[in-house]
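Engineer: Please find one structure pasted underneath; my questions will follow.
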Amino acid sequence: MSKGNIYIISGPSGSGKDTILKEVLKIREDVFFSISEITRDMRNGEVEGEKYHFISREEFKEKLANNYFLEYNEYSGNFYGTPKAPIEEHLAAGDDVVIECDVNGAKALRKLLPDVISIFIMPPSFEVLQKRLVGRATETTEQVERRMNEALNEIRRADEYDYIVVNDDLSLAVEDFITVLKSNKLLLKNQKYLIDEVLKNA
Ligand code: 5GP
């Protein structure tokens with residue numbers, strides 16, 4: 001059996017990475033999306049356990065001390081962490097795993113797991129990003145400004161990633177994302193097991 005691979009997806013708020021992921025997960029049911037545990041308040045429309053588990057700062061600190069997270073980061077004054085156990089279980093079962101995290105989390109994961117593939121979701125332009133963030137109306141003006149600054153810093157670090165997927169047309173971006181998953185799977189290093197399997201009864 002081929003073993004699962006880990007993919008990181010990052011991109012600024014408003015890049016549309018959640019929408020792309022949702023569509024990818026509909027098409028690729030064998031992909032496990034890692035649900036992060038975070039300390040920020042729930043936004044309108046968010047559902048506990050769908051993309052995030054919302055926990056208190058105390059709980060987060062306790063879990064951190066117990067080595068519960070694969071990586072974590074503080075972003076806009078809140079903590080975000082990737083739980084380790086579900087990822088290990090899914091990889092062992094042969095599933096691909098997608099971890100959404102910010103640029104710092106991605107850097108930490110690359111160090112920890114040199115084989116991870118990282119994908120940066122890029123907005124078509126900074127103006128489009130600004131429009132999407134303001135139009136979302138889930139944050140105060142001050143929060144939007146803070147996220148725009150963070151977006152600038154993240155885009156400046158997009159060159160740390162293996163792939164860039166531009167989210168202008170959603171269906172094309174989804175197709176590009178799936179192509180990355182597929183092409184990585186076809187690499188020799190991920191298919192070496194096949195050689196032995198075919199030769200087994202030769
Ligand atoms: P938001 O509050 O907009 O949902 O997320 C803020 C940032 O945190 C985004 O860049 C998102 O990708 C990132 N993020 C989400 N989950 C995690 C995580 O588990 N670890 C890290 N390092 N970043 C995360």
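The values are calculated or read from the model by the stated rules, or taken from the named source; none is laboratory data. Keep in mind that this is a model prediction, so the values were computed, not measured. Reconstructed Cβ throughout: ideal geometry from the backbone, glycine too, with neighbour counts over all protein chains shown.
Engineer: Being among the acidic types (Asp, Glu) and surrounded by fewer than 13 Cβ atoms within 10 Å (Cβ to Cβ) is the filter here; which residues of the range 33-58 pass it? So that I can check it myself, show each step before the final result.
Structural biologist: Let us first name the residues in the range 33-58 that are among the acidic types (Asp, Glu), namely 37, 41, 46, 48, 50, 58.
Asp41, Glu48, Glu50, Glu58, listed by residue number.
Engineer: Separate question: Taking into account only those residues within the range 144-172 that are out of contact with any helix residue (DSSP H, G or I) (no Cβ under 9 Å at 6 or more places or on another chain) and touching a residue at least 60 places away in the same chain (Cβ under 8 Å), which is nearest to Asn44 (Cα to Cα)?
Structural biologist: Going through the qualifying residues, I end up with Arg146.
Engineer: Let me ask you something else. I need the full set of residues from the range 123-157 which are hydrophobic (A, V, I, L, M, F, W, C) and buried (at least 16 other Cβ atoms within 10 Å of the Cβ), in order please.
Structural biologist: First pass over the range 123-157, keeping only residues hydrophobic (A, V, I, L, M, F, W, C): 126, 128-129, 133-134, 137, 144, 148, 151-152, 155.
Once the filter is applied, which keeps residues that are hydrophobic (A, V, I, L, M, F, W, C) and buried (at least 16 other Cβ atoms within 10 Å of the Cβ), the range 123-157 yields Leu129, Leu133, Val144, Met148, Ala151, Ile155.
Engineer: Among Ile99, Ile87, which is the only one that is in contact (Cβ under 8 Å) with a residue 60 or more places away in the chain and part of a strand (DSSP E or B)? Walk me through how you get there before you give the answer.
Structural biologist: On the way: Ile87 fails: part of a strand (DSSP E or B).
Only one candidate passes the filter, namely Ile99.
Engineer: Something else: Conditions: (1) modelled with pLDDT of 95 or more; (2) assigned to a helix (DSSP H, G or I); (3) out of contact with any Pro (no Cβ under 7 Å at 6 or more places or on another chain). Ile164 meets all but one. Number of the miss?
Structural biologist: So Ile164 meets the others, but not (2).
Engineer: Quick one: which strands (runs of 3 or more DSSP E) sit completely within the range 4-59 and have at least 1 residues that are small (Gly, Ala, Ser), within 29 Å of Lys131 (Cβ to Cβ) and within 10 Å of the ligand (Cβ to nearest atom)?
Structural biologist: Working: elements: 6-10, 31-33, 36-38, 52-54.
Correct list: 6-10, 36-38.
Quick grid of which residues meet (1) more than 15 Å from the ligand (Cβ to nearest atom); (2) of a type in the set (Val, Ile, Thr); (3) within 12 Å of Ile8 (Cβ to Cβ):
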site	(1), (2), (3)
Tyr72	no, no, no
Gly81	no, no, no
Glu88	yes, no, no
Asp115	yes, no, yes
Pro123	no, no, no
Thr138	no, yes, no
Thr141	yes, yes, no
Val144	no, yes, no
Asn167	no, no, no
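Engineer: Would you call Val98 more than 17 Å from the chain's Cα centre (by Cα) and either away from the ligand (no atom under 12 Å from the Cβ) or buried (at least 20 other Cβ atoms within 10 Å of the Cβ) (or both)? It would help to see each step written out before you state the result.
Structural biologist: Working: more than 17 Å from the chain's Cα centre (by Cα): no; either away from the ligand (no atom under 12 Å from the Cβ) or buried (at least 20 other Cβ atoms within 10 Å of the Cβ) (or both): yes.
So Val98 does not fit the description; no.
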